Every structure is written in structure tokens, then in C-alpha cells.
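S.K.: What follows is a single structure, and I will ask about it in a moment.
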Amino acid sequence: MSNYAARGVLHIHSAPSALCPHVEWAVASVVDARVSFTWTEQPAAPGTHRAELTWTGAQGLGAKLASALRQLGHLRFEVTEDPSPGAEGSRWSHTPELGIFHATIDTAGNIMVSEDRIRYAYELGAGDPSVMYQELSLALGEAWDEELEPFRHAAEGAPVRWLSQAV
């Protein structure tokens with residue numbers, strides 16, 4: 001049995017070269033262990049680099065990673081935390097233009113939109129389907145997906161490293 005309750009993936013989709021060491025320091029401070037990324041060129045944004053880490057750690061580590069990285073700005077990243085006993089899964093997406101987006105995810109990685117959020121979209125729309133569509137699009141993080149998709153495709157086949165939180 002593992003000492004770790006959660007696992008997930010950290011995708012740094014684009015980081016300016018000068019920011020790469022700061023990304024490593026931020027992640028190391030969260031996991032309380034030395035971290036070394038394998039950085040590769042990001043063809044979707046010349047002059048930037050990308051990296052991926054698969055992580056294991058305590059529940060809530062995904063939120064801590066996202067919080068630490070969003071402080072750096074100028075990054076495009078995603079953090080996922082898979083569902084685990086007693087905890088829903090989560091995904092955090094960040095772009096410099098849009099800021100951070102958080103969603104609860106199911107075991108297949110689908111975004112789960114709460115009943116309250118759907119009711120809010122109905123009420124705000126007040127019979128105007130375009131307003132309801134806009135609110136549901138926001139709840140699904142579609143703007144973040146649209147901006148990050150070219151960076152995701154540019155990463156296909158890239159190396160992935162494993163990271164375990166110090167306990």
C-alpha cells in the first residue's frame with residue numbers, strides 16, 4: 001500500500017527560458033524535494049519551453065502546485081489531480097491572458113458542472129439562449145481549452161518525468 005493518497009500530472013505548456021528555474025523552485029517548495037525538469041522547446045511559442053511531470057502526493061497537492069505556479073505569471077500550465085478515496089478529481093488551467101480556471105473532474109477526466117452553476121446560467125440567461133450558452137462555456141473552461149489546445153498538440157510524444165512528494 002502506498003503512502004500517497006493522490007496522483008496527477010503537471011503540464012507546463014509554455015514557460016519563457018528565464019522562468020524555467022523559477023518553475024522548478026516553485027514546484028520543489030511545494031513538494032519539499034529537489035526537482036529537475038526535462039525541458040524541451042515549445043514549437044507553438046518560439047522562445048518558450050515545456051515539461052511534464054507525473055506526481056504522487058497528499059490529497060490537495062494539485063491545488064498547491066497550481067497556486068504556486070500561478071504566482072509566476074507568463075506561464076501556460078495545467079495541473080490535474082485524479083479522484084481518490086474521499087476526494088473528487090480536479091483540473092487547473094492557467095494562461096497569462098485568462099488567469100486560472102478550476103474544474104471538478106470525474107474518473108474519465110470530464111468536467112462536472114454543479115446543479116447550482118447550471119441553475120445560475122438559466123437564471124442569468126432569463127430566456128436568452130446566447131447568455132446561457134456563454135455561462136455554460138465559462139463553466140466548462142472552453143476559453144482555456146481553446147488557448148491551450150495548440151500547446152497540448154505540440155507536446156505529443158514529449159518525455160514525461162515522475163515526481164513523488166516528500167513525506
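The values are calculated or read from the model by the stated rules, or taken from the named source; none is laboratory data. Bear in mind the structure is a predicted one, so any value in this text is a computation, not a measurement. Cβ atoms come from the backbone with ideal geometry, glycine included; neighbour counts cover every protein chain shown. Surface accessibility is based on the protein's heavy atoms, side chains included, excluding ligands, DNA and RNA. Shrake-Rupley method; radii C 1.70, N 1.55, O 1.52, S 1.80 Å.
S.K.: Looking for something at negative phi, of a type in the set (S, T, N, Q), more than 18 Å from the chain's Cα centre (by Cα) and open to solvent by 20 Å² or more (accessible area, probe 1.4 Å) - is there at least one such residue anywhere in segment 96-104? Break it down stepwise before answering.
M.R.: Pass one, segment 96-104, residues at negative phi: 96-98, 100-104.
Subset that is of a type in the set (S, T, N, Q): 104.
Cutting the leftovers down to more than 18 Å from the chain's Cα centre (by Cα) gives us none.
No: zero hits.
S.K.: Could you please let me know if ALA15 is part of a strand (DSSP E or B), hydrophobic (A, V, I, L, M, F, W, C) and either over 19 Å from GLU149 (Cβ atoms) or in contact with a Ser or Thr (Cβ under 7 Å, 6 or more places away or on another chain) (or both)?
M.R.: Answer is yes for this residue.
S.K.: Same structure again: So which residues in segment 1-30 are open to solvent by 40 Å² or more (accessible area, probe 1.4 Å), out of contact with any helix residue (DSSP H, G or I) (no Cβ under 7 Å at 6 or more places or on another chain) and small (Gly, Ala, Ser)?
M.R.: SER2, ALA5, SER17, ALA18
S.K.: Next question. Conditions: (1) within 20 Å of GLU142 (Cα to Cα); (2) in contact with a strand residue (DSSP E or B) (Cβ under 6 Å, 6 or more places away or on another chain). THR56 meets all but one. Number of the miss?
M.R.: (1)
S.K.: Here's another thing I want to ask about it. Evaluate segment 73-93: report whether one residue or more is in contact with a Leu (Cβ under 9 Å, 6 or more places away or on another chain) and hydroxyl-bearing (Ser, Thr, Tyr). Let's see the steps before the verdict.
M.R.: Start the filter on segment 73-93 by keeping residues that are in contact with a Leu (Cβ under 9 Å, 6 or more places away or on another chain), which leaves 73-81, 92-93.
Going one step further and asking which of them are hydroxyl-bearing (Ser, Thr, Tyr), we end up with 80, 93.
Scanning segment 73-93 turns up at least one residue that is in contact with a Leu (Cβ under 9 Å, 6 or more places away or on another chain) and hydroxyl-bearing (Ser, Thr, Tyr).
S.K.: Any chance segment 4-18 includes a residue that's of a type in the set (Lys, Arg) and closer than 16 Å to HIS94 by Cα? Give the steps one after another, and end with the answer.
M.R.: Step one: of segment 4-18, the residues of a type in the set (Lys, Arg) are 7.
Keeping just the survivors that are closer than 16 Å to HIS94 by Cα gives none.
Within segment 4-18 (the criterion being of a type in the set (Lys, Arg) and closer than 16 Å to HIS94 by Cα), the answer is no, since none of the residues qualifies.
S.K.: Farther than 22 Å from VAL27 by Cα and in contact with a strand residue (DSSP E or B) (Cβ under 6 Å, 6 or more places away or on another chain): which single residue out of ILE118, ILE105 fits that description? Explain how you work it out, then say what you get.
M.R.: Numbers: ILE118 fails: in contact with a strand residue (DSSP E or B) (Cβ under 6 Å, 6 or more places away or on another chain).
Unique residue meeting the criteria: ILE105.
S.K.: I've got another one for you. For GLY141, indicate whether it is out of contact with any helix residue (DSSP H, G or I) (no Cβ under 7 Å at 6 or more places or on another chain) and either at positive phi or at pLDDT below 95 (or both).
M.R.: Taking the combined requirement at face value, the residue satisfies it.
S.K.: Name every residue in segment 31-47 that is open to solvent by less than 30 Å² (accessible area, probe 1.4 Å), closer than 16 Å to PHE77 by Cα and under 18 Å from the mean Cα position of the chain (by Cα), in order of residue number.
M.R.: PHE37, GLN42
S.K.: If you don't mind, there's one more thing I want to ask. Within segment 71-95, track down each residue that is open to solvent by less than 40 Å² (accessible area, probe 1.4 Å) and at pLDDT below 95.
M.R.: GLY73, SER84, ALA87 - these are the residues of segment 71-95 that are open to solvent by less than 40 Å² (accessible area, probe 1.4 Å) and at pLDDT below 95.
S.K.: Please work out which one of (1) open to solvent by 40 Å² or more (accessible area, probe 1.4 Å); (2) over 30 Å from PRO16 (Cα atoms) is the condition ALA121 fails and give its number.
M.R.: (1)
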